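> For reference, the structure I am asking about is given below.
The values are calculated or read from the model by the stated rules, or taken from the named source; none is laboratory data. What you see is a predicted model; the values in this text were computed from it and never measured. Neighbour counts are summed over all protein chains in view; Cβ atoms, including those assigned to glycine, are modelled from backbone coordinates with ideal geometry.
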Amino acid sequence: MKVKAENRRSKRSGPKGPLSGIRVLDLSAYIAGPFGCTLLADQGADVIKIEAPSGDNLRKYPSTLEKESRAFIGLNRSKLGLVLDLKSPEGLADLFRLVQKADVLVHNFRPGVAERLGIDYAQFQMINPRLIYCAVSGFGETGPLSKKAGFDQLLQVMTGMCTLQGQQGGKPEIIYGSVVDYFAAALVAGGVSSALYEREHSGLGQEVNVSLLRSALTMQSARLVWAEGEPKDIGRDFRSGGVSGIHPTKDGYLYLSANTEDFWKSLCVKLELAGLTGNDRYNTVRKRAARASEILPQLHKALQSKNALEWEIFLGDDVPCAAAKPVEDIFENPQVLAEEMVTEFKHPLIGKYRGQSQAIKFSRTPGPEAFAAPTMGQHSKTILTDVGWSDDV
């Protein structure tokens with residue numbers, strides 16, 4: 001029998017979100033799986049973070065917070081915390097009881113590990129045919145690399161991202177910020193949500209597979225076009241020759257975007273680059289890219305008359321731009337505050353802190369209030385009691 005999510009009772013109080021009533025078991029660690037589940041929690045889902053007795057690896061990462069890892073807190077908001085030893089019969093039995101009432105399970109075990117533990121999709125499908133089972137891997141479920149561990153920067157290097165990030169002819173450069181992981185997290189949330197939608201029609205769950213390799217390739221879809229007859233070694237990037245980019249000023253650095261004709265003309269007028277304005281040699285992005293060595297010296301000379309913040313004000317809406325600032329400034333950014341992208345949390349170990357909250361805004365179903373990431377096993381007794389467990393934790 002189909003049970004629509006809106007008819008189920010959520011454990012969370014406050015306004016409903018699009019996924020209120022959906023119960024998610026998060027067995028994943030690191031970034032892609034956990035943050036994918038956080039995005040589901042943002043939308044109202046009841047998410048249970050299930051950790052082994054050793055804890056999520058991110059809890060052990062370097063952090064200037066003494067009592068908890070900054071990375072773990074930032075990636076696991078709005079979840080309940082449960083510790084289960086899946087290598088023990090008791091822990092495995094508890095998980096099976098939880099799966100009977102769950103809508104979604106997410107893990108990032110390497111292919112073969114879930115089968116070895118007896119928690120693969122085939123096992124759970126027998127006790128809960130409506131379960132959406134999302135497996136996050138490094139390289140996918142099949143193929144010669146399927147059993148290997150995959151990590152964000154490894155996939156960046158492997159798929160050409162670092163080569164294109166570096167200077168032409170120079171060494172490859174890592175793109176910091178775990179971009180492959182975070183994009184994979186978005187694929188987790190999107191894939192799970194689509195499977196839940198399909199379930200409303202079929203009444204059946206299914207397996208959803210997300211890999212860091214697919215994430216890295218999806219991020220580069222505009223580069224991964226190889227026309228018939230083209231040589232293998234051909235320019236695949238579409239940067240505009242350096243005009244749009246980060247430039248030095250009198251003090252600090254300024255990002256400029258001037259690819260469109262209107263913005264290019266405005267930039268030339270504002271910087272008094274009369275020799276470039278209306279010149280047919282520079283009147284398209286492609287021409288400007290080919291003649292960047294002629295344009296950039298003039299651009300950089302003009303930018304030396306003001307600092308980056310002054311240019312940001314002076315260029316205003318005429319040319320898209322931003323002074324390079326430290327990440328800490330975002331906490332007081334007027335636009336961020338106006339959109340309520342940062343909220344205050346209270347954590348049992350570190351006390352009050354400010355952090356990022358909702359990733360998506362919904363007008364009619366904004367979702368319940370976000371709350372801090374759990375401590376190790378913080379809600380174990382409450383969760384297990386709900387599925388019939390009675391002994392002390």
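> Out of the residues in the stretch 366-387 that are within 19 Å of residue 69 (Cβ to Cβ) and polar (S, T, N, Q), state the one that is surrounded by the fewest Cβ atoms within 10 Å (Cβ to Cβ).
Step by step, filter the stretch 366-387, then rank; the result is 375.
> If you scan the stretch 349-368, which residues turn out to be part of a loop (DSSP other than H, G, I, E, B) and in contact with an Asp or Glu (Cβ under 6 Å, 6 or more places away or on another chain)?
Passing the criteria: 349, 350, 358, 359.
> Next question, about the same structure. Somewhere in the stretch 256-276, is a residue of a type in the set (S, T, N, Q), touching a Ser or Thr at 6+ places or on another chain (Cβ under 9 Å) and under 30 Å from residue 163 (Cα atoms)? Spell out the reasoning first.
The first filter runs over the stretch 256-276 and keeps only residues of a type in the set (S, T, N, Q), leaving 257, 259-260, 266.
Adding the requirement that they be touching a Ser or Thr at 6+ places or on another chain (Cβ under 9 Å) leaves 257, 259.
Then drop every residue that is not under 30 Å from residue 163 (Cα atoms), which leaves 257, 259.
Within the stretch 256-276 (the criterion being of a type in the set (S, T, N, Q), touching a Ser or Thr at 6+ places or on another chain (Cβ under 9 Å) and under 30 Å from residue 163 (Cα atoms)), the answer is yes, since at least one residue qualifies.
> For the stretch 242-269, which positions are in contact with a Leu (Cβ under 6 Å, 6 or more places away or on another chain) and within 15 Å of residue 305 (Cα to Cα)?
Correct list: 247, 249, 268.
> Just give me the residues in the stretch 232-254 being aliphatic (A, V, I, L, M) and free of Cβ contacts under 8 Å to residues at least 40 places away in the same chain, in sequence order.
Quick first cut of the stretch 232-254, residues aliphatic (A, V, I, L, M) only: 234, 243, 246, 254.
Within the stretch 232-254, 234 is the sole residue that qualifies.
> Just to be sure I understand, how many residues within the stretch 163-188 are more than 19 Å from residue 150 (Cβ to Cβ) and not polar (S, T, N, Q)?
6
> Now for a different question. Name the single residue that is nearest to residue 242 (Cα to Cα) among those in the stretch 283-323 being surrounded by fewer than 13 Cβ atoms within 10 Å (Cβ to Cβ) and either free of Cβ contacts under 8 Å to residues at least 40 places away in the same chain or of a type outside the set (S, T, N, Q) (or both).
Going through the qualifying residues, I end up with 293.
> Anything in the stretch 148-186 that is aliphatic (A, V, I, L, M) and surrounded by 21 or more Cβ atoms within 10 Å (Cβ to Cβ)? List them, or say none.
Within the stretch 148-186, 155, 161, 180, 184, 185 qualify.
> Which residues, taken from the stretch 115-159, are within 24 Å of the chain's Cα centre (by Cα), of a type in the set (A, V, I, L, M, F, W, C) and within 18 Å of residue 206 (Cα to Cα)?
Correct list: 131, 132, 134, 135, 136.
> While we're on this one: Give the residue that is nearest to residue 257 (Cα to Cα), with candidates limited to residues of the stretch 201-238 that are over 20 Å from the mean Cα position of the chain (by Cα) and assigned to a helix (DSSP H, G or I).
Only one residue fits best here, namely 201.
> On to the next question. Find the residue count for the stretch 179-200, including only residues that are over 8 Å from the mean Cα position of the chain (by Cα) and among the aromatic types (Phe, Trp, Tyr).
Counting residues in the stretch 179-200 that are over 8 Å from the mean Cα position of the chain (by Cα) and among the aromatic types (Phe, Trp, Tyr) gives 1.
> Next question. Considering only the stretch 332-354, I want to know if a residue exists there that is touching a Phe, Trp or Tyr at 6+ places or on another chain (Cβ under 6 Å), over 20 Å from residue 14 (Cβ atoms) and β-branched (Val, Ile, Thr).
Among the residues of the stretch 332-354, not one is touching a Phe, Trp or Tyr at 6+ places or on another chain (Cβ under 6 Å), over 20 Å from residue 14 (Cβ atoms) and β-branched (Val, Ile, Thr), which makes the answer no.
> Tally up the residues in the stretch 124-154 that are in contact with an Asp or Glu (Cβ under 9 Å, 6 or more places away or on another chain) and farther than 26 Å from residue 197 by Cα, please.
Residues in the stretch 124-154 being in contact with an Asp or Glu (Cβ under 9 Å, 6 or more places away or on another chain) and farther than 26 Å from residue 197 by Cα: 2 in total.
> Tell me, please, whether a residue that is farther than 28 Å from residue 348 by Cβ, in contact (Cβ under 8 Å) with a residue 12 or more places away in the chain, assigned by TED's automatic domain parsing to the domain that holds residue 376 and among the hydroxyl-bearing types (Ser, Thr, Tyr) can be found in the stretch 113-128.
For the stretch 113-128, residues farther than 28 Å from residue 348 by Cβ, in contact (Cβ under 8 Å) with a residue 12 or more places away in the chain, assigned by TED's automatic domain parsing to the domain that holds residue 376 and among the hydroxyl-bearing types (Ser, Thr, Tyr): present.
> Scan the helices (runs of 4 or more DSSP H) fully inside the stretch 276-348 and keep the ones with 3 or more residues being of a type in the set (D, E, K, R).
Helices (runs of 4 or more DSSP H) meeting the threshold: 285-290.
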